[in-house]
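A short worksheet on the structure shown next.
The values are calculated or read from the model by the stated rules, or taken from the named source; none is laboratory data. No experiment lies behind these values; they were computed from the predicted model shown. Please note: Cβ atoms are built from the backbone with ideal geometry, for glycine as well, and neighbour counts cover all protein chains shown.
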Amino acid sequence: MISLISCTSKPGPLGEGIIKLDDFDFSTSISEILPERYIHPDYGNDWFSVPSVCGPTLYHKETCCSYSTNEVLWLEYRYSSFCSGDEYLSMADRTFNAANFATTSDGRVFLASGKIEELTQTESDNFIAQLSKRYGEPIHTVESSFSDYDLYTWMLEDRTLKYAVIATDESNVLKIEMEHNEEGELTDLREGKRNSYLIGYFFVIDAAWKDKFLTGDHMVSGDFCYCK
């Protein structure tokens, strides 16, 4: 376990500037990140419309409960849509296209996470190297959820950092490219280029909540599947 002295960073509203996770302040309220003005006018108080370069993206609040007692454990705020052109969060100068948050029942953020939609192996290796330079060598494990993935964990005194890397293989995918003329009429169909790339998921977790979140009696879904 590594002990570091640093100044924590208070975020502003999501989509109105990049939220830095390097020294994320766990006294932050979710209302600072998803303010009341983001509440979707048609979908209700559990849905938020977040500014995006592609037009508003949707975020949804869900309640996480215990399997055995049905006790409310915490609240999760997760994206329901995202745009690969957005830069919502950052860590070690790497930006993330989408975000998720978990909070206490009174709205204090104890977990923030970001997704990188497409990475090269070199970019992923460089991100790991930057984190390792700051925090030391990580614990590296191979985990399995929907598919096998590499998980890197840094245990700090006040927080735990986790980075999951998933390889995407398109060798068996049929990709079709469409070509249109100036009138918008379809003029050609052809086989598209297949690519193999990586998807990255980064998590920063308040140390006081780490064990409860990672090992608790509850269902895990969405991006949170990749932090265990």
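What single numbered condition from (1) within 20 Å of Lys228 (Cα to Cα); (2) crowded, with 17+ Cβ neighbours inside 10 Å; (3) of a type in the set (A, V, I, L, M) fails to hold for Ile139?
(2)
Quick check on the range 182-208: of everything there that is in a loop (DSSP other than H, G, I, E, B) and either touching a Leu at 6+ places or on another chain (Cβ under 8 Å) or exposed (fewer than 11 other Cβ atoms within 10 Å of the Cβ) (or both), which residue is modelled with the lowest pLDDT?
Just the residues of the range 182-208 that are in a loop (DSSP other than H, G, I, E, B), to begin with: 182-185, 192-195.
Then keep just the ones that are either touching a Leu at 6+ places or on another chain (Cβ under 8 Å) or exposed (fewer than 11 other Cβ atoms within 10 Å of the Cβ) (or both); that gives 182-185, 193.
Values: Glu182: 78, Glu183: 74, Gly184: 72, Glu185: 74, Lys193: 58.
Only one residue tops the list, namely Lys193.
Between Thr28, Thr57, which is touching a Cys at 6+ places or on another chain (Cβ under 9 Å) and of a type outside the set (Asp, Glu)?
Thr57
What number of residues in the range 93-107 are in a strand (DSSP E or B) and buried (at least 16 other Cβ atoms within 10 Å of the Cβ)? So that I can check it myself, show each step before the final result.
Of all residues in the range 93-107, those in a strand (DSSP E or B) come to 94-96, 98-103.
From what is left, the residues that are buried (at least 16 other Cβ atoms within 10 Å of the Cβ) are 94, 96, 98-103.
Adding up the residues that qualify gives 8.
Which of the residues spanning the range 22-44 are more than 13 Å from Gly107 (Cβ to Cβ) and free of Cβ contacts under 8 Å to residues at least 40 places away in the same chain?
Correct list: Asp23, Asp25, Arg37, Tyr38, Ile39, His40, Pro41, Asp42, Tyr43, Gly44.
Which pairs turn up if I take residues in the range 117-145 that are over 16 Å from Arg159 (Cα atoms) and among the small types (Gly, Ala, Ser) and look for partners that are part of a helix (DSSP H, G or I) and at pLDDT below 95 with beta carbon separation below 9 Å, at least 6 apart in sequence or on another chain?
Note: pairs meeting the criteria are Ser145/Cys225; Ser145/Tyr226.
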